[in-house]
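S.K.: A single structure is presented below for examination.
The values are calculated or read from the model by the stated rules, or taken from the named source; none is laboratory data. Predicted model only: the values in this text are computed from it and were never measured. Cβ sites come from the backbone with ideal geometry, for glycine too, and all protein chains shown count toward neighbours. Note: accessible area is taken over every heavy atom of the protein model, side chains too, but ligands, DNA and RNA are not part of it. Shrake-Rupley method; radii C 1.70, N 1.55, O 1.52, S 1.80 Å.
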Amino acid sequence: MDVVARLHGARKRYGDTEALRGVDLEVPAGRVLALLGPNGAGKTTAVQLLCGLRQADAGTVEVLGGDPRQPHTRRQLGVTPQETGFPEALKVREVVDLVRAHYPDPWPTDGLLSRFDLADLAGRQTGGLSGGQKRRLAVALAFAGRPRLVLLDEPTTGLDVDARRGLWRLVGEELAAGRTILLTTHYLEEAEALADHVVVLAGGLVRASGTVAEVKGRVELTRVRARFAVPPDAVPHVVRSAADGDRTTLFTADADGLVRHLVRTGADFSQLEVSPVSLEEAFLVLTAGEACDDRPAEPERARS
Ligand code: ATP
């Protein structure tokens with residue numbers, strides 16, 4: 001596996017807070033890596049080390065074979081930070097041109113604007129953009145220089161469903177063009193849709209990493225879902241259960257044993273489904289005990 005960026009033993013402290021406590025992370029070439037974790041897990045800090053905005057206290061940071069604080073390396077990097085402020089009086093086209101000017105072979109301005117659905121806004125001052133339009137511009141800027149590696153910190157927060165799906169499509173096109181993308185997101189279905197690899201951070205440590213399937217496999221659980229006449233109580237083999245209307249989802253390491261138990265005890269159930277856990281469910285198990293209750297509201301997010 002070719003690796004275009006890596007953190008090795010990376011540590012970063014802000015005063016009393018140890019944001020990263022020895023993180024190893026590899027970004028595979030030509031892939032999408034999703035960095036996941038509850039609020040305060042250290043995702044933004046990791047992105048800031050990779051784009052050279054902050055320096056690690058210990059450990060190594062290597063990007064495209066070099067140091068991300070070197071101009072030569074940064075010219076091959078595109079970044080959408082978690083928060084962006086634009087000079088309010090500058091027009092969208094002027095901001096794009098400002099960023100393009102830092103790269104040797106950028107996208108033509110009009111092409112970039114139309115790909116990110118910003119063509120109609122080219123002459124608008126950035127101060128007059130909506131929150132979602134600003135976010136689209138911030139993401140477009142990460143791709144402006146046709147960089148080899150793109151770092152996107154919560155790129156779709158604040159985007160409506162159409163814009164989010166549009167960005168997913170663009171990410172696919174950019175990958176096909178040979179780019180590598182690292183993104184952070186709180187939307188687990190986004191990571192599942194886009195990422196080849198995921199790294200789950202919590203409390204400044206890596207809790208799991210690998211392909212989406214491998215990370216799901218790490219929790220070694222299966223979901224058994226059914227409509228129960230009477231919600232099952234104290235069922236053996238069940239590590240967690242969640243009610244959803246008249247359906248109950250049971251999480252178990254032994255689906256066969258659980259179903260045998262339900263049949264043996266004459267439980268009145270119908271519409272039984274047995275399926276692997278979703279990435280969101282695996283995430284909740286892997287980050288159990290870490291704060292993750294103040295994620296942004298997201299109507300699309302699957303709930304259990
Ligand atoms: P979120 O999902 O909320 O964006 P995150 O995973 O990106 O969180 P970080 O922003 O990397 O997490 O923060 C990790 C920890 O470091 C948090 O406890 C945060 O409060 C702390 N932290 C981050 N930046 C600073 C700073 N400049 N000064 C002090 N503490 C900081």
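S.K.: Within the stretch 173-192, work out how many residues are over 16 Å from the mean Cα position of the chain (by Cα), surrounded by 20 or more Cβ atoms within 10 Å (Cβ to Cβ) and in a helix (DSSP H, G or I).
M.R.: Count: 1.
S.K.: Taking only the stretch 80-137 into account, find how many residues are part of a loop (DSSP other than H, G, I, E, B), among the aliphatic types (A, V, I, L, M) and touching a strand residue (DSSP E or B) at 6+ places or on another chain (Cβ under 9 Å).
M.R.: Adding up the residues that qualify gives 3.
S.K.: Please determine, by comparing only the residues of the stretch 64-81 that are farther than 18 Å from residue 10 by Cβ and surrounded by 13 or more Cβ atoms within 10 Å (Cβ to Cβ), which one is nearest to the ligand (Cβ to nearest atom). It would help to see each step written out before you state the result.
M.R.: From the stretch 64-81, those farther than 18 Å from residue 10 by Cβ are 71-72, 74-76, 78, 80-81; that's our starting set.
Remaining after also requiring surrounded by 13 or more Cβ atoms within 10 Å (Cβ to Cβ): 74-76, 78, 80-81.
On the way: 74: 20, 75: 25, 76: 23, 78: 19, 80: 13, 81: 11 Å.
Looking at the filtered set, the residue picked out is 81.
S.K.: Look through the stretch 156-172, keep the residues that are of a type in the set (D, E, K, R) and within 13 Å of residue 132 (Cα to Cα), and return whichever of them is surrounded by the most Cβ atoms within 10 Å (Cβ to Cβ).
M.R.: Step one: filter the stretch 156-172 for residues of a type in the set (D, E, K, R), giving 160, 162, 164-165, 169.
Now restrict to residues that are within 13 Å of residue 132 (Cα to Cα): 160, 162, 164.
Details: 160: 11, 162: 10, 164: 20.
Looking at the filtered set, the residue picked out is 164.
S.K.: Taking the conditions exactly as written (over 21 Å from the mean Cα position of the chain (by Cα), open to solvent by 40 Å² or more (accessible area, probe 1.4 Å) and without any contact (Cβ under 8 Å) to a residue 24 or more places away in the chain), does residue 105 satisfy them or not?
M.R.: The answer is no for residue 105.
S.K.: Can you list residue pairs whose Cβ atoms sit under 8 Å apart, with the first residue in the stretch 247-268 being charged (D, E, K, R) and the second being open to solvent by 30 Å² or more (accessible area, probe 1.4 Å)? Count only pairs 6 or more apart in sequence or on different chains.
M.R.: As it stands, the answer is 247/225; 247/227; 247/271; 254/237; 268/229; 268/230, since those pairs meet every condition given.
S.K.: Kindly indicate the residue of the stretch 42-58 that is farther than 16 Å from residue 152 by Cβ and open to solvent by 60 Å² or more (accessible area, probe 1.4 Å) and also nearest to the ligand (Cβ to nearest atom) among those meeting that condition.
M.R.: Only one residue fits best here, namely 54.
S.K.: Considering only the stretch 1-41, state which residues are open to solvent by 10 Å² or more (accessible area, probe 1.4 Å), within 16 Å of the ligand (Cβ to nearest atom) and in a loop (DSSP other than H, G, I, E, B).
M.R.: 15, 16, 39, 40
S.K.: Still on this structure, I have one more. Just to be sure I understand, how many residues within the stretch 47-77 are part of a helix (DSSP H, G or I) and out of contact with any Ser or Thr (no Cβ under 8 Å at 6 or more places or on another chain)?
M.R.: Of the residues in that region, 7 qualify.
S.K.: Going through 73, 60, 45 one at a time, which residue ends up being at pLDDT 95 or above and in contact with a Leu (Cβ under 7 Å, 6 or more places away or on another chain)? Please lay out each step first, then the result.
M.R.: On the way: 73 fails: at pLDDT 95 or above; 60 fails: in contact with a Leu (Cβ under 7 Å, 6 or more places away or on another chain).
Testing whether each residue is at pLDDT 95 or above and in contact with a Leu (Cβ under 7 Å, 6 or more places away or on another chain) leaves just 45.
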